[in-house]
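*Asks:* One structure follows; several queries about it will come next.
What follows draws every value from the coordinates through simple rules; no lab data is involved. Everything quoted here is computed from the prediction, not taken from an experiment. Glycine gets a Cβ as well: all are built from the backbone with ideal geometry, and neighbour counts include every protein chain shown.
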Amino acid sequence: MSGPAKNDSDKFLLLPQEDSHDEALFANLESGCLRNLTRKMAPNNLLPAVRMFMGRAIDMHNIIQHALDVSSRHLLVHGEKGVGKSALVLMTAKYLHDRSVFKGGIFFVNVPKLAFKFNTLPQMLLYAIQRYVNYLF
């Protein structure tokens with residue numbers, strides 16, 4: 001191994017190579033119980049993350065600011081076809097979901113696909129949530 005990788009590997013030498021590695025690192029700890037304190041994630045039906053997504057930090061910041069503004073109920077993201085609007089919204093939603101910002105969850109609604117079936121956005125959202133719940137059970 002050479003170059004930067006060799007330098008980095010030297011930083012993580014925990015035990016001398018010539019000594020036994022059977023040493024108990026924390027031998028004097030009292031017995032206890034293990035508790036999982038991981039926060040339960042809110043529900044979501046978000047699509048997988050976009051592979052190549054970069055250079056949109058300012059746009060994400062603006063969307064997050066609007067999403068967290070309690071006086072704002074709607075947000076319109078618009079632009080030319082193919083510029084990455086859906087990817088931007090998806091990655092912003094994933095960012096907010098990973099940080100448990102919305103306890104009730106975050107749901108993706110494919111409006112063009114559901115517009116043939118439902119007349120209103122609330123109907124579409126309810127359908128998306130019901131599909132998610134049915135998927136779980």
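*Asks:* Which residues among the stretch 107-122 fall inside the zone where the amide N is under 18 Å from a point 7 Å beyond the Cα of Arg56, along Cα→Cβ?
*Replies:* Answer for this model: 107-112.
*Asks:* Report, ordered by chain and residue number, the lysines lying within cross-link reach of Lys103, taken as a straight Cα distance under 24 Å and ignoring same-chain residues fewer than 8 apart.
*Replies:* Lys40, Lys94
*Asks:* Using a Gaussian network model on the chain with a 10 Å cutoff between Cα atoms, which of Asp59, Asp98, Asp69 fluctuates the most?
*Replies:* Asp69
*Asks:* Could you tell me the extents of the chain's C-alpha atoms along the three principal axes, largest first, rounded to whole Å?
*Replies:* Over the chain, Cα extents along the principal axes are 72, 43, 30 Å.
*Asks:* Moving on. Any chance you could run the full-extension gain for Val83 through Leu47? It's 0.36 nm times the residue separation minus the Cα-Cα distance, nm to one decimal.
*Replies:* Answer, rounded to one decimal: 11.2 nm.
*Asks:* Take each complete run of DSSP H in the chain, measure how far its Cα atoms stretch along the helix's own axis, and keep only those covering 18 Å or more with mean Kyte-Doolittle hydropathy at least 0.0; list them.
*Replies:* Span-like helices, by this rule, are 85-98, 121-136.
*Asks:* Work out how much length Phe108 to Leu29 would gain on full extension: take 0.36 nm times their residue separation and subtract the Cα-Cα distance, in nm to one decimal.
*Replies:* 23.7 nm is the gain from fully extending Phe108 to Leu29.
*Asks:* Comparing Asn45, Asn36, Asn119, which has the greatest mean-square fluctuation in the GNM of the chain with Cα pairs linked when under 10 Å apart?
*Replies:* Between Asn45, Asn36, Asn119, it is Asn36 that shows the largest mean-square fluctuation.
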